[in-house]
């Protein structure tokens, strides 16, 4: 693997191929697309979201298998959340305490289980 060189592009960090903001936007879109596509195919998946979890960000949670994952999604996608998913006042009563590392591990394990 070649050595990465990072630089500032505008107000964003780039690896010479993508900016941090671009990659984050792709992550948001992939997550939402996956959830909406599954719903469209009739998959029974509980998806919950919490408004204003952080300033300008909502929280979207679901399960893969029997393990929870969640991501923050910019409020600019709230129309998608309102159209497709159940809004909750809080996820405190169902949040299993997962971390970002747990989410990656859970997805990695699930992918390898197929």
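The values are calculated or read from the model by the stated rules, or taken from the named source; none is laboratory data. This is a predicted model, so every value here is computed, not measured. Note that each Cβ is placed from the backbone with ideal geometry, even for glycine, and that neighbours are counted across all protein chains shown.
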Is there a residue in the stretch 101-109 that is part of a strand (DSSP E or B), over 16 Å from the mean Cα position of the chain (by Cα) and surrounded by 11 or more Cβ atoms within 10 Å (Cβ to Cβ)?
no
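Yes or no, residue by residue, for (1) under 30 Å from residue 93 (Cβ atoms); (2) under 13 Å from the mean Cα position of the chain (by Cα):
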| residue | (1), (2) |
| --- | --- |
| 10 | no, no |
| 22 | no, no |
| 35 | yes, yes |
| 41 | yes, no |
| 65 | yes, no |
Where residues in the stretch 87-98 are surrounded by fewer than 17 Cβ atoms within 10 Å (Cβ to Cβ) and within 19 Å of residue 28 (Cβ to Cβ), which of them is farthest from the chain's Cα centre (by Cα)?
87
In the stretch 1-33, which residues are loosely packed, with under 15 Cβ neighbours inside 10 Å, in contact with a strand residue (DSSP E or B) (Cβ under 9 Å, 6 or more places away or on another chain) and either closer than 21 Å to residue 83 by Cβ or touching a residue at least 60 places away in the same chain (Cβ under 8 Å) (or both)?
25, 27
Quick one: in the stretch 5-54, which of the residues that are touching a helix residue (DSSP H, G or I) at 6+ places or on another chain (Cβ under 6 Å) and assigned to a strand (DSSP E or B) is modelled with the highest pLDDT?
49
Can you find a residue that is without any contact (Cβ under 8 Å) to a residue 40 or more places away in the chain and in a helix (DSSP H, G or I) anywhere in the stretch 55-66?
no
